[in-house]
1. For the range 2-16, indicate whether the set of residues that are part of a strand (DSSP E or B) and touching a Phe, Trp or Tyr at 6+ places or on another chain (Cβ under 7 Å) is non-empty.
2. Can you give me the number of residues within the range 36-45 that are under 10 Å from the mean Cα position of the chain (by Cα) and either of a type outside the set (Gly, Ala, Ser) or more than 17 Å from Asp7 (Cα to Cα) (or both)?
3. Condition first: assigned to a loop (DSSP other than H, G, I, E, B) and small (Gly, Ala, Ser). Now tell me which residues in the range 24-39 satisfy that.
Amino acid sequence: MAYKISDACVSCGACADSCPVGAISQGDSQYVIDAAACLDCGACADTCPMGAIAQE
């Protein structure tokens with residue numbers, strides 16, 4: 001199950017830097033996770049200072 005970034009995202013970029021496969025990129029209003037590329041490792045959720053990332 002892939003992770004998803006909620007509206008609590010403040011676009012700090014910490015999650016993108018922590019993703020080992022580069023599955024996170026800047027979207028229109030916040031960062032987004034490519035579900036097909038996500039490894040479900042949870043590194044992004046552990047790094048997010050806002051707690052904006054959780055499993056779908």
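1. Checked against the condition, which is being part of a strand (DSSP E or B) and touching a Phe, Trp or Tyr at 6+ places or on another chain (Cβ under 7 Å), the range 2-16 yields at least one hit.
2. Residues meeting the conditions: 4.
3. Gly27, Ser29, Ala35, Ala36, Ala37, listed by residue number.
All of the numbers you see were taken from the coordinates with simple rules; none came from a lab. Just so we're clear, the structure is a prediction, and the values are computed from it rather than from any experiment. No Cβ is skipped: glycine too gets one built from the backbone with ideal geometry, and neighbour counts run over all protein chains shown.
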